[in-house]
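The values are calculated or read from the model by the stated rules, or taken from the named source; none is laboratory data. For clarity, every value in this text was computed on a predicted model and none was experimentally measured. Using ideal geometry, Cβ is built from the backbone for each residue, glycine included, and neighbour counts are taken over all protein chains shown.
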Amino acid sequence: MRIGVISDTHDNLEAVRRAASIFAERKVSSILHAGDWCAPFTMRTLVVDGCKVVGVYGNVDGERLMLRKTAEDMNYTIEDFQTLELKGVRIALLHGTVEAIVEGLAKSNLYDLIVRGHTHKFEVKKIGNTVLVNPGEACGYLSGRKTAVIIDLPSIQIEVVEL
């Protein structure tokens, strides 16, 4: 099973369309968005037929009511924090604005995989038995690099993709 992971899209529709295209080509079955969508129209652009989309709010997602309504209209879910289990892998999804919370989740041993965003930096690290993944920024505004990741489950093999 493959999942697509994206974060910090910041209304860069070209990057979101490219990510959706790559996720479709690679036949991901779920997409996780780690926050900072910005506007509801960005959510409407992240469409891959047959894909479940699970997202969280980021610190710049001010229009939460319309994001929630858009998510409901599209049969997506969006919350401040999400947990799910896919192929036996326990996953936590958050934006990650507070490093102590991210690290505490990783050290809790409650999750096999933690997906976070916020820093705009691609990162993969292991804390205890937990793999922590930040797909970097899809928008490319801070680093100039537009990235997302594809994760194979249950092995948690991670591949960074350039958008």
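Quick look at the numbers
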| read-out | value |
| --- | --- |
| Test: residue in the stretch 102-119 that is farther than 17 Å from VAL54 by Cβ, touching a Phe, Trp or Tyr at 6+ places or on another chain (Cβ under 9 Å) and at pLDDT 95 or above | no |
| Restricting the stretch 120-163 to residues that are of a type in the set (Gly, Ala, Ser) and closer than 26 Å to LYS107 by Cβ, the residue that is surrounded by the most Cβ atoms within 10 Å (Cβ to Cβ) | GLY136 |
| Test set (1) closer than 21 Å to VAL161 by Cα; (2) in a strand (DSSP E or B) - GLN82 fails condition number | (1) |
| Single residue of LEU65, LEU32 found to be within 16 Å of the chain's Cα centre (by Cα), modelled with pLDDT of 95 or more and on the phi < 0 side of the Ramachandran plot | LEU32 |
| All positions within the stretch 52-67 that are in contact with a helix residue (DSSP H, G or I) (Cβ under 9 Å, 6 or more places away or on another chain) and part of a helix (DSSP H, G or I) | MET66, LEU67 |
| Failed item, numbered, when LYS27 is tested on (1) exposed (fewer than 15 other Cβ atoms within 10 Å of the Cβ); (2) at positive phi; (3) touching a residue at least 40 places away in the same chain (Cβ under 8 Å) | (3) |
